[in-house]
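Report on one structure; see the data block that follows.
The values are calculated or read from the model by the stated rules, or taken from the named source; none is laboratory data. Everything numeric in this text was worked out from a predicted model, so none of it was measured. Cβ placement follows ideal geometry from the backbone for every residue including glycine, while neighbour counts extend to all protein chains displayed. Just so you know, the surface numbers come from the protein's heavy atoms only, side chains and all, with ligands and any DNA or RNA stripped out. Shrake-Rupley method; radii C 1.70, N 1.55, O 1.52, S 1.80 Å.
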Amino acid sequence: MTAKAISQEERFYQLIDKEEKIEPKDWMPEKYRNTMIRQISQHAHSEVVGMLPEGNWISRAPSLRRKAALLAKIQDEAGHGLYLYSAAETLGADREELIEELHIGKAKYSSIFNYPTLSWADIGAIGWLVDGAAIMNQVMLCRTSYGPYSRAMVRICKEESFHQRQGYDILLTLCNGTKEQKEMAQDALNRWWYPSLMMFGPKDDESVHSDYSIKMKIKRFSNDELRQRFVDATVPQAEYLGLKVPDKNLKFNAKTENYSFTEPDWSEFYNVIKGNGPCNKDRIKTRREAFENGKWVRDAAIAYAEKQKQNNKNGKQ
Ligand code: FAQ
């Protein structure tokens, strides 16, 4: 008896149902392809733009050990950007075009990176809160339905865990230090708390893509579910530091084992993602200049690859 032939479309939905991965050569609906390119490229841009707020503190890190750890972390973020641009290319996207869209302000990247880093404690807060929120969101993406994205996420999450700990360690040191150092840590928490909550995206009833993404197993949890998990995990960590989360309405509900909390100011969120946050213009300008200044490196790499190709053709080493 022969198995009934199934269409490419039926096979796609079967793979999704069976929790198997969609791979680059598999047929996929255009909507799925475009959703993946949109999310992966926004994620790649976030990693690359995300290097800038912390980059501001490399030359002012308080010790050689802190400087080395910060440099390594920022370099990891560059690597994450590169894996993710490669994952987007497996869907047929053109990397140069994606980067161009970022540079002309058309492509989105995470709202969080449009806030300034005013003190050394902000570097601790970014590791603890921003990488912490990124992990909360990205652990579910290790099980996303698109193979190259899910595999990139496994490695990225391991590195983000190190980042989160180095951030928390900075704050732990400051909180065990002088009164001024502890105040600096509290000030950083005050400024980064709500922007971190915004990282999970708009409220579920305003999230345009969640329904489709959850159906296609791209996302496994909704924006609000992840935000709640983040608050529940982070409040006890703030208490351990002896810091106060800047929310008068924060309350633990013993029955549900969840904290109730104040929503971020959504008008601020929409303003930032429209390009009007405190640092949007500066971030894009810096990225554009870095891209232009790096042209000679890309040209040299292409020329070298060409030369290797010619040598291989001519049988030379
Ligand atoms: N910022 O319908 P939804 C990191 C946009 S990596 C800006 O809910 P979706 C590592 C959204 O794109 C951080 N835009 O969308 C690091 C959509 O716009 P569109 C980045 C946002 O996709 C740490 C519109 O709003 N992580 O931090 C934001 O279902 C430290 C409607 O939203 C990822 O990218 C936002 N916060 O859910 C690096 C993870 N939220 O495209 C350096 C992958 C929403 O229609 C230092 N991405 N928007 O024009 C995701 O999981 C999802 O894309 C969400 C949004 C959850 C971000």
Exercise for review: Name the single residue, out of those in the stretch 216-259 being outside any loop (DSSP other than H, G, I, E, B) and acidic (Asp, Glu), that is nearest to residue 173 (Cα to Cα).
Suggested key: 239
Check your understanding: Quick check: anything in the stretch 77-84 under 23 Å from residue 157 (Cα atoms), open to solvent by 40 Å² or more (accessible area, probe 1.4 Å) and of a type in the set (A, V, I, L, M, F, W, C)?
Key -> yes
Revision key, fill the gap. Checked against (1) near the ligand (Cβ under 9 Å from one of its atoms); (2) out of contact with any Asp or Glu (no Cβ under 8 Å at 6 or more places or on another chain), residue 174 satisfies every condition except (1)
Exercise for review: Name every residue in the stretch 1-33 that is assigned to a loop (DSSP other than H, G, I, E, B), more than 16 Å from residue 212 (Cα to Cα) and more than 25 Å from the chain's Cα centre (by Cα), in order of residue number.
Suggested key: 1, 2, 3, 4, 5, 6, 7, 18, 25, 26, 27
Study note, to complete from the structure: The one condition residue 126 fails out of (1) over 27 Å from residue 271 (Cβ atoms); (2) buried (at least 20 other Cβ atoms within 10 Å of the Cβ); (3) among the aliphatic types (A, V, I, L, M) is (1)
Check your understanding: Can you name the residue in the stretch 262-287 that is loosely packed, with under 15 Cβ neighbours inside 10 Å and of a type in the set (Lys, Arg) and is also farthest from the ligand (Cβ to nearest atom) among such residues?
Key -> 285
Check your understanding: Across the stretch 190-210, what is the number of residues that are of a type outside the set (S, T, N, Q) and away from the ligand (no atom under 16 Å from the Cβ)?
Key -> 0
Point to revise | Total residues in the stretch 36-51, condition open to solvent by 20 Å² or more (accessible area, probe 1.4 Å) and polar (S, T, N, Q) | key: 2
Review point. (1) more than 13 Å from the ligand (Cβ to nearest atom); (2) under 11 Å from residue 45 (Cα atoms); (3) of a type in the set (A, V, I, L, M, F, W, C): which one isn't true of residue 84, the others all being true?
Key: (1)
Study note, to complete from the structure: Here, helices (runs of 4 or more DSSP H) confined to the stretch 79-169 with at least 2 residues that are within 19 Å of residue 226 (Cα to Cα) and modelled with pLDDT of 95 or more are 131-141
Exercise for review: Of all residues in the stretch 170-185, count the ones that are in a helix (DSSP H, G or I), over 11 Å from residue 125 (Cβ atoms) and not β-branched (Val, Ile, Thr).
Suggested key: 7
Study note, to complete from the structure: Counted residues in the stretch 192-223 being open to solvent by 70 Å² or more (accessible area, probe 1.4 Å) and under 18 Å from residue 132 (Cβ atoms) come to 0
Practice item. State whether one or more residues within the stretch 276-295 are in contact with a Pro (Cβ under 8 Å, 6 or more places away or on another chain) and at pLDDT 95 or above. Key: yes
Review point. Being part of a helix (DSSP H, G or I) and in contact with an Asp or Glu (Cβ under 8 Å, 6 or more places away or on another chain), is that true of even one residue in the stretch 270-282?
Key: no
